[in-house]
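These notes are about the structure you will find just below.
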Amino acid sequence: MNPVAKILILVGVVLILFGFVWQVGGRFLQLGKLPGDIFIEKENFKFYFPITTCILISVVVSIIFYIVRLFK
(Lines give C-alpha, C1' and ligand atoms only; values in the text may rest on other atoms or scores of the structure.)
Protein backbone atom coordinates (compact mmCIF):
# COMPACT_ATOMS: atom_id res chain seq x y z
CA MET A 1 0.00 0.00 0.00
CA ASN A 2 1.15 3.52 -0.77
CA PRO A 3 2.68 5.27 2.30
CA VAL A 4 0.59 8.39 1.66
CA ALA A 5 -2.56 6.30 1.74
CA LYS A 6 -1.51 4.77 5.06
CA ILE A 7 -0.93 8.21 6.55
CA LEU A 8 -4.30 9.48 5.31
CA ILE A 9 -6.09 6.45 6.76
CA LEU A 10 -4.29 6.90 10.08
CA VAL A 11 -5.15 10.61 10.20
CA GLY A 12 -8.79 9.79 9.44
CA VAL A 13 -8.97 7.20 12.21
CA VAL A 14 -7.35 9.60 14.68
CA LEU A 15 -9.82 12.35 13.75
CA ILE A 16 -12.77 9.99 14.18
CA LEU A 17 -11.49 8.85 17.60
CA PHE A 18 -10.81 12.45 18.63
CA GLY A 19 -14.35 13.46 17.63
CA PHE A 20 -15.86 10.56 19.55
CA VAL A 21 -13.84 11.34 22.68
CA TRP A 22 -14.78 15.01 22.35
CA GLN A 23 -18.49 14.17 22.19
CA VAL A 24 -18.59 11.52 24.91
CA GLY A 25 -15.81 12.87 27.12
CA GLY A 26 -17.26 16.38 27.09
CA ARG A 27 -19.96 15.26 29.48
CA PHE A 28 -17.50 13.97 32.05
CA LEU A 29 -14.39 16.11 31.53
CA GLN A 30 -15.21 19.78 31.00
CA LEU A 31 -12.32 20.82 28.77
CA GLY A 32 -11.89 24.57 29.00
CA LYS A 33 -13.27 24.72 32.52
CA LEU A 34 -10.53 22.89 34.39
CA PRO A 35 -8.90 24.22 37.55
CA GLY A 36 -5.97 26.38 36.47
CA ASP A 37 -7.65 27.83 33.40
CA ILE A 38 -7.42 31.62 33.57
CA PHE A 39 -10.61 33.64 33.15
CA ILE A 40 -10.75 37.38 33.88
CA GLU A 41 -13.95 39.34 33.40
CA LYS A 42 -14.26 43.09 33.90
CA GLU A 43 -16.85 45.65 32.80
CA ASN A 44 -16.20 45.55 29.06
CA PHE A 45 -13.29 43.11 28.91
CA LYS A 46 -13.04 39.33 28.98
CA PHE A 47 -9.80 37.36 28.92
CA TYR A 48 -9.73 33.58 28.80
CA PHE A 49 -6.63 31.40 28.60
CA PRO A 50 -7.18 27.66 29.10
CA ILE A 51 -3.62 26.84 30.21
CA THR A 52 -4.48 23.62 32.05
CA THR A 53 -6.57 22.39 29.13
CA CYS A 54 -3.70 23.15 26.73
CA ILE A 55 -1.25 21.21 28.89
CA LEU A 56 -3.62 18.25 29.15
CA ILE A 57 -4.20 18.12 25.39
CA SER A 58 -0.46 18.42 24.77
CA VAL A 59 0.30 15.48 27.06
CA VAL A 60 -2.38 13.30 25.44
CA VAL A 61 -1.19 14.11 21.91
CA SER A 62 2.44 13.46 22.91
CA ILE A 63 1.50 10.05 24.31
CA ILE A 64 -0.40 9.20 21.12
CA PHE A 65 2.56 10.16 18.94
CA TYR A 66 4.92 8.17 21.18
CA ILE A 67 2.74 5.05 20.87
CA VAL A 68 2.47 5.48 17.07
CA ARG A 69 6.26 5.83 16.85
CA LEU A 70 6.75 2.62 18.86
CA PHE A 71 4.71 0.58 16.37
CA LYS A 72 6.27 2.12 13.28
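Out of (1) out of contact with any strand residue (DSSP E or B) (no Cβ under 8 Å at 6 or more places or on another chain); (2) modelled with pLDDT of 85 or more; (3) outside any helix (DSSP H, G or I), what's the single condition that is false for F28?
(2)
So which of P3, P35 ends up being touching a helix residue (DSSP H, G or I) at 6+ places or on another chain (Cβ under 8 Å) and open to solvent by 70 Å² or more (accessible area, probe 1.4 Å)? Steps first, answer last, please.
Working: P3 fails: touching a helix residue (DSSP H, G or I) at 6+ places or on another chain (Cβ under 8 Å).
P35 is the lone residue from the list that is touching a helix residue (DSSP H, G or I) at 6+ places or on another chain (Cβ under 8 Å) and open to solvent by 70 Å² or more (accessible area, probe 1.4 Å).
Evaluate the stretch 40-56: report whether one residue or more is without any contact (Cβ under 8 Å) to a residue 60 or more places away in the chain, open to solvent by less than 90 Å² (accessible area, probe 1.4 Å) and of a type in the set (D, E).
no
Can you confirm whether V4 is in a helix (DSSP H, G or I) and free of Cβ contacts under 8 Å to residues at least 24 places away in the same chain? Spell out how you get there, then give the answer.
On the way: in a helix (DSSP H, G or I): yes; free of Cβ contacts under 8 Å to residues at least 24 places away in the same chain: yes.
Yes.
Going through the stretch 20-59 one residue at a time, which ones are under 23 Å from F71 (Cα atoms) and of a type in the set (G, A, S)?
If the condition is that a residue be under 23 Å from F71 (Cα atoms) and of a type in the set (G, A, S), then S58 is the only one that fits.
The values are calculated or read from the model by the stated rules, or taken from the named source; none is laboratory data. In this text, all values refer to a predicted model and were calculated from it rather than measured experimentally. Reconstructed Cβ throughout: ideal geometry from the backbone, glycine too, with neighbour counts over all protein chains shown. When the accessible area is computed, the model is the full protein with side chains, heavy atoms only, and any ligands, DNA or RNA have been set aside. Shrake-Rupley method; radii C 1.70, N 1.55, O 1.52, S 1.80 Å.
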